[in-house]
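The values are calculated or read from the model by the stated rules, or taken from the named source; none is laboratory data. On a predicted model such as this, the values are computed, not experimentally measured, just so you know. Cβ: placed from backbone, ideal geometry, glycine included. Neighbour counts: every protein chain shown. Please note that ligands, DNA and RNA were not included when accessible areas were found on the heavy atoms of the full protein model with its side chains. Shrake-Rupley method; radii C 1.70, N 1.55, O 1.52, S 1.80 Å.
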Amino acid sequence: MKRRDALKLATLALTLPAASLARAQTSYTVLNPPQPGDDPGKIEVIEFFHYGCPHCRDFDPLISDWKKKLPADVAFRAVPAIWNNAQLTGLARLYYATEVSEQLDAIHAAVFVAVQDEKRPLFTEEQVRDWVSGKVADPAKFMDAYKSFGVNSMLQRADQLARAMKIQGVPTVVIDGKYVTSASLSGSHQNTLKVADELIARARQERGAK
């Protein structure tokens, strides 16, 4: 989803271009300058997404299966897009609260459903507290995580990353802080992951050559 359309959240569907062999050479872009990862010893893969994006929802089960098969020298993390938008900031805070409270596997998919199908405005503390009750074992602990300093720091870091990596749409995948791919570049979500595999291999070769 393009940045300018983020306010529409669950109602907007972008048209993805068809896959084309003629576009194979433009299936990714290169960041200049590249951005360092959290662990210099690993090839970092970052998926930028947000819960209101229907394409992110479609991509989620594909990348969830894909990341389970990544080799030991690759580290994966998801980063919610914010783009100086209050609603997206609220959804990003919810994502990080699920991560910190170790509830990501339990309710990650349910957040997509709540935002996109049920049109739940999960943007504020009150809205999230009401929704999460009954969905996690300890709602009070979850809300403590939601309001925590650690989550505030994660939100700041997410915004910094998106700016540094010039993220303009989601879902977007960044490999080793340098290579950027997405369905709009590769032609499809499936192709995005194929390109990501190729770029991981390329990054590994480049690291070995240094």
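Observations
- Taking first residues from region 34-50 that are at pLDDT 95 or above and partners that are part of a strand (DSSP E or B) and surrounded by fewer than 16 Cβ atoms within 10 Å (Cβ to Cβ), the Cβ contacts under 7 Å between residues at least 6 apart in sequence or on separate chains come to I46/R77.
- Of all residues in region 136-154, those that are assigned to a loop (DSSP other than H, G, I, E, B), without any contact (Cβ under 8 Å) to a residue 40 or more places away in the chain and surrounded by 15 or more Cβ atoms within 10 Å (Cβ to Cβ) total 1.
- Matching entry among Q190, Q168 (being more than 16 Å from F59 (Cα to Cα) and either touching a Ser or Thr at 6+ places or on another chain (Cβ under 6 Å) or not small (G, A, S) (or both)): Q168
- Among residues of region 160-180 that are without any contact (Cβ under 8 Å) to a residue 12 or more places away in the chain and open to solvent by 10 Å² or more (accessible area, probe 1.4 Å), none has a Cβ under 8 angstrom from a residue that is assigned to a loop (DSSP other than H, G, I, E, B) and of a type in the set (F, W, Y) at a sequence gap of 6+ or on a separate chain.
- Note on region 26-71: among residues that are of a type in the set (K, R) and touching a strand residue (DSSP E or B) at 6+ places or on another chain (Cβ under 6 Å), the one that is farthest from T181 (Cα to Cα) is K42.
- Elements of type helices (runs of 4 or more DSSP H) contained in region 60-132, each with 1 or more residues being of a type outside the set (K, R), modelled with pLDDT of 95 or more and in contact with a Ser or Thr (Cβ under 8 Å, 6 or more places away or on another chain): 86-100, 104-116
- Each residue in region 82-111 was checked for being out of contact with any Pro (no Cβ under 9 Å at 6 or more places or on another chain), hydrophobic (A, V, I, L, M, F, W, C) and in contact (Cβ under 8 Å) with a residue 12 or more places away in the chain, and 9 of them qualify.
- Restricting attention to region 111-135, the residues that are open to solvent by less than 40 Å² (accessible area, probe 1.4 Å) and more than 21 Å from D159 (Cβ to Cβ) total 5.
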